[in-house]
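The values are calculated or read from the model by the stated rules, or taken from the named source; none is laboratory data. Given the structure is predicted, the values throughout are model-derived calculations rather than measurements. Because the Cβ atoms are built from the backbone with ideal geometry, glycine has one as well, and the counts that use them run over all protein chains shown.
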Amino acid sequence: MERRARRPEPAREEPGLFDPPVPVPMPEPELQPVPLPPAPAPPRAEPAPPPLYTVAQLSSLIHSSLQGLGRLRVEGEVAQKKRTASGHVYFDLKDAGAKLACKIWQSQVPRVLRFDLGEGAQVIAWGRLDLYAPQGSYSLIVDRLEPLGLGALLAQLEQRKLELKARGWFERKRALPAFPRVIGLVTSRDGAALRDFLKTRSLRWPGYAVRLAHTSVQGPGSAESIAAALRSLDATGVDAIALVRGGGSLEDLWAFNELCVAEAIWNARVPVVTGIGHESDTTLADLVADHRAHTPTDAAQELIPDRAELCARIARAGNYLTEAFERVFEQRVQRHAALVARPVLRDAAWILGERTRTLAALHARVDGALREALGRRGTTLARAHAQLARRTPAAELARRRQRLATAQVRLVTSAARALESRSGALAVKARSLEAVSPLAVLGRGYAIVRPAEGGPALVDTGALAPGDALDTHLARGSFRSRVESVRPPEGGA
């Protein structure tokens, strides 16, 4: 990318804001003749004081100066990138001599960040300078970012990662064979990766079957050569393939980020292990492969069995098997001794004697249980017989007759007592009734007079008139009379 030529700065007629003040020349004192005493020097002219600003005025002036620069393009390396909870992105652009704070507002992030802004990426930032007065710091408000050099490669790599991840090429992880018959190796025969791989083979299993497919691992056409080597090894019937290369820069390892290499790994019929660069290097080939080793040495350790460890495992398994045989044999011997010690195996007649003793014990238990049960039943029967004897019809009839006789005596007594009580009460009431009876009054010489035509007894002569017929009732009998004259009551009442 070509850079624009720097514009020549215009000549300044007056000192700028950030220029030092121009010194004012001081007048030299006049020299007096030696014989004469020195005269007092005239007062020195003081330089004019610089302009006086408040902090806010100076900040406003600086802000105006920064805004006067207009929209800028700044090239540098990305450092200290961070994204706040509010969504703003902060990072620094630096080079060998300076550092510039940059900001991307949250509303501009989707439009500005079109690629992964990683540490160390070289970019060109577009934007305007702005002053934050409360802290006295200035920063570049970025409204556009362009990758430069390595940054462009990283952006392209991220785009390819997204594409292959969407295809699902990063999800397949096939298991490695425990003992591959032949291992395919794709690398350069002149590189250190081959020597590291073979050295590891010599340490783990000397002479293990490895089939090499030479290819260039850097430079133009290397990606197609790597893909062709992978396809050729896959066609020869190897059980696994190792794709290895030593370390290098991103440009040196770029062949392993090409789509043709990733496609060859994906189409391989056997598992593929990558050991490319150092631990921090991650290529598309590493992501598509079934297993990723950090280095070529690690790739050899994952594929080539460790013969010494395998022999040790076999020896341990043999020792475990021998120990198991001895333990089982000892258990069988102990079990045989225990069986031999059993009486049933020493003498078969012991079975009949044991069964006879068991039968006799059971017979005794049954006899005891029967006798106990019969005793309980006899006691229950005797108790029931006694209860039945006490409840025969003759005994019950005698008890009922006795109760009837007792009840009869009690009834006669109660009736006589009740009759006597009622007779006494009746006599008392008769005497009381006789005392208040009108007949008793009539027996003492009194009479009851009523009108002959009927009506209540007369008690007042006011209701009589001469000639009225009256019926007079005595204690024994009655008669009719007629009134001849009526006299008022005595006393004039």
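Miscellaneous remarks
- Taking first residues from region 197-214 that are free of Cβ contacts under 8 Å to residues at least 40 places away in the same chain and partners that are of a type outside the set (Lys, Arg) and part of a helix (DSSP H, G or I), the Cβ contacts under 6 Å between residues at least 6 apart in sequence or on separate chains come to 213/229; 213/232; 213/233.
- Qualifying residue in region 436-444 (condition: over 30 Å from residue 479 (Cβ atoms), free of Cβ contacts under 8 Å to residues at least 24 places away in the same chain and not in a loop (DSSP other than H, G, I, E, B)): no
- Of residues in region 105-121 being in contact (Cβ under 8 Å) with a residue 40 or more places away in the chain and buried (at least 18 other Cβ atoms within 10 Å of the Cβ), the one farthest from residue 86 (Cα to Cα): 121
- On the stretch given as region 470-493, residues that are outside any loop (DSSP other than H, G, I, E, B) and farther than 15 Å from residue 438 by Cα total 6.
- If only residues of region 289-348 that are assigned by TED's automatic domain parsing to the domain that holds residue 161 and of a type in the set (S, T, N, Q) are counted, the one that is farthest from the chain's Cα centre (by Cα) is 297.
- Odd one out for residue 451, checked against (1) of a type outside the set (D, E, K, R); (2) surrounded by 12 or more Cβ atoms within 10 Å (Cβ to Cβ); (3) in contact with a Ser or Thr (Cβ under 9 Å, 6 or more places away or on another chain): (3)
- Selection count where residues are at pLDDT 85 or above and within 23 Å of residue 438 (Cβ to Cβ), scope region 460-469: 1
- Criterion: at pLDDT below 95 and touching a Phe, Trp or Tyr at 6+ places or on another chain (Cβ under 6 Å) - qualifying residue of 155, 223: 155
- On inspection, residue 200 passes the criterion of being over 15 Å from residue 285 (Cβ atoms) and within 49 Å of the chain's Cα centre (by Cα).
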